[in-house]
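Beneath this line is the structure, given in structure tokens, with notes to follow.
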Amino acid sequence: MKFLLDGVPRSALVLLALFFAGLLFAPMVANDYVLVVLVTILYFAYAGQCWNIMMGFAGQLSLGHALYIGLGAYITAALYVKFGVSPWIGLFPALAISGAVGALIGFLAFRFGVSGVYFAILTIAFAEFARIGFDHFTWVGGAGGFFLPVANYTQNDFFNLRGSQRMFYYILLAMTVAVFILCHLLLRSRAGYYWLAIRESPEAAEALGINIFRYKMYAVVLSAALTALGGVFFAFFYNNLFPEQVFHISRSIEIILGPIIGGIGTLFGPIVGAFLLTGLAESLREVMLRLGVDLPGVKQVFYGFCLLVVVMFLPDGVWPPLKKKLGLDRDTERKEG
Amino acid sequence: MALLEVSGISKSFSGLKAVQNVTFEVPEGKIVGLIGPNGAGKTTCFNMIAGVYKPDSGSVKLNGAAIGGKRPDEICKGGIGRTFQIVKPFAGLSVLDNVVVGALNATASVVEARKVAEEVLDVLGLAPKRMQAASTLTLPDRKRLEVARALATRPKLLLLDEVMAGLRPTEVDLMVRVLLDLNKRGLTILLIEHVMRAVMALAGNIVVLHHGELISRGTPDQIAKDPKVLECYLGEEAL
């Protein structure tokens with residue numbers, strides 16, 4: 001525990017505690033709509049954090065993270081619907097298979113020197129394989145979609161992940177906090193230092209004794225497996241899966257917008273980015289609704305606009321300058337947090 | 001047996017013979033200088049020793065074990081640290097963290113690595129800048145950071161590629177003192193250097209390359225008098 005807090009400024013801890021307490025008690029006051037918005041925010045914060053391990057830490061750009069979301073979702077959902085396997089058990093094969101697929105992509109890319117945009121294209125290609133493959137995979141419904149049984153549950157069935165939104169909210173909050181702490185610890189470990197070194201200069205990293213192939217693989221496999229856990233949540237929260245939606249590249253882009261806008265490679269970037277994007281998008285929707293304007297695609301345009309503003313004026317993302325404003329950058333030893 | 005034995009290594013880049021049949025050795029505890037005009041093949045030689053390129057022929061041995069063709073990280077683990085002529089700092093990381101990455105080569109503990117890194121930064125006079133991002137350093141400081149990072153890996157043999165370039169004379173003297181001190185403590189050094197004042201002050205032995213071939217080797221005095229060396233540096237007519 002002490003190691004966890006070592007070197008974190010006191011003001012940051014206070015703010016973090018207040019923030020966490022706010023999230024903890026939010027469902028007590030939030031109505032159903034706000035709760036769904038909060039779940040969406042946490043979902044993007046979680047998935048963004050997972051993606052950040054690969055891109056923000058190890059510098060490997062994935063534009064196909066919807067693949068791992070989809071695999072996690074389909075595997076646990078299929079095991080549950082077809083064989084009655086609890087998602088808590090089903091998540092193990094789901095994470096293992098996603099990690100293995102991540103390893104396959106990583107192996108192909110890193111062994112044969114595919115990097116940069118070409119690596120990104122490879123990740124898109126695999127997500128597209130999956131999208132088209134699942135479109136024709138009739139065992140899980142094909143293009144027609146795969147559905148989990150929905151009923152009005154009088155009480156939460158935690159073991160089978162059936163129940164109220166509030167239960168899902170807390171599960172997701174726990175996942176987000178856990179992955180946040182994991183990333184914090186990783187950044188302070190040898191692997192974290194090695195990832196950052198590889199991100200900054202692979203040649204120099206190699207000359208300092210780092211097996212860059214191995215460490216890039218670690219990042220990809222870990223990121224893939226953790227993202228799949230987000231997919232498990234996705235399946236059991238939304239209860240329906242369509243390949244055209246789950247594996248679509250726009251889903252992959254959605255995941256990475258949060259960390260990009262919040263700040264790539266930072267711990268709070270994905271969280272700040274998710275709050276900003278989803279919060280603003282939902283507000284916009286609300287305003288449009290009040291005004292009685294119905295423009296399809298306005299959300300996407302809005303995302304594009306946010307991205308434009310951030311890239312032009314805050315190329316490091318929102319979090320680094322915000323951190324300075326809040327006076328939390330006394331711990332300037334690492335470009336993190 | 002010398003610590004590093006390079007025998008007959010050659011390397012061509014699509015027809016251009018960058019290094020041809022070069023043989024030399026670096027005895028344990030010594031400082032050897034590798035000099036030659038631009039394009040002589042010095043850095044290519046370095047890259048073959050450090051594992052960036054696999055020699056087309058010939059062998060590289062560290063402590064008698066063949067290391068030619070191994071990966072750079074394996075060679076670093078084997079005890080050879082290197083710097084880059086064109087510096088490659090981890091720009092987004094602090095100066096300290098740059099060196100910590102190097103120090104993690106010898107220990108898995110970050111706490112331990114930090115201690116080592118602090119010591120190395122002290123030795124190279126970078127301690128006051130340890131919290132700065134490496135991207136904010138001036139070129140001479142970046143050169144120092146290269147040395148610090150390589151040193152932190154705890155090498156037996158340190159390969160220095162033009163670390164004096166761009167340094168002011170007083171800074172050169174400081175770096176020479178640092179290197180001599182490290183050498184006294186048992187570090188073997190092979191350096192590529194254009195700053196003759198540094199080479200003469202440091203190297204007990206010098207190897208001269210020209211057009212990829214070894215044209216002379218010996219003590220600094222012998223090299224300074226060798227007509228072949230004078231010719232390649234000053235031109236035939238000057239003699």
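Laboratory data are not the source of any read-out in this text; all were calculated from the coordinates shown. All of these numbers come straight from a predicted model, not from anything done at the bench. Every residue, glycine as well, gets a Cβ built from its backbone with ideal geometry; the counts of neighbours run over all protein chains shown.
Quick look at the numbers
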{"item": "Residue-span extension gain [residue A:136 to residue A:189] - 0.36 nm each, minus C-alpha spacing", "result": "14.8 nm"}
{"item": "Number of partner chain Cβ atoms within 10 Å, mean per residue of A:241-249", "result": "0"}
{"item": "Most fluctuating residue given options B:11, B:184, B:156, as computed from a GNM of chain B linking Cα atoms under 10 Å", "result": "B:184"}
{"item": "Above-threshold pairs, the threshold being 31 Å between Cα atoms, out of B:143/B:184; B:88/B:225; B:70/B:228; B:42/B:115", "result": "B:88/B:225; B:70/B:228; B:42/B:115"}
{"item": "Rounded Å value of the spacing that divides the Cα centres of segment A:271-315 and segment A:98-177", "result": "25"}
{"item": "Check: chain B dipole with +1 on Lys, Arg Cβ and -1 on Asp, Glu Cβ, in debye", "result": "540"}
{"item": "Pairwise centroid distance, computed over Cα atoms, of segment B:22-62 with segment A:239-265, Å", "result": "49"}
{"item": "Inter-chain Cβ neighbour average for residues B:75-84, partner chain, 10 Å", "result": "3"}
{"item": "Axial C-alpha extent at least 18 Å, average Kyte-Doolittle at least 1.0 - helices from chain A (DSSP)", "result": "A:10-29, A:32-52, A:66-83, A:87-111, A:117-135, A:165-187, A:212-238, A:249-262, A:269-291, A:298-313"}
{"item": "Hydrodynamic radius of segment A:1-81 per Kirkwood, over alpha carbon pairs, in Å", "result": "15.9"}
{"item": "Sequence ranges A:132-144, B:79-91, ranked by mean other-Cβ count within 10 angstrom, highest first", "result": "B:79-91, A:132-144"}
{"item": "Most mobile of A:277, A:35, A:16 in a GNM of chain A (Cα contacts under 10 Å)", "result": "A:16"}
{"item": "Cα Rg, Dmax, chain B, angstrom units", "result": "17.6, 60"}
{"item": "Max mean-square fluctuation residue, GNM over chain A, Cα-Cα springs under 10 Å, options A:124, A:210, A:75", "result": "A:210"}
{"item": "Efficiency of FRET from Cβ geometry, residue A:178 and residue A:114, R₀ 22 Å, rounded to 0.05", "result": "0.10"}
{"item": "Cα shape, segment A:6-46, gyration tensor, a/c 1.5 rule", "result": "oblate"}
{"item": "For chain A: rounded, prolate or oblate by the Cα gyration tensor [a/c cutoff 1.5]", "result": "rounded"}
{"item": "Chain B, helix-only ellipticity at 222 nm - DSSP H runs n ≥ 4, -39,500 (n - 2.57), divided by all residues, nearest 500", "result": "-10500 deg cm²/dmol"}
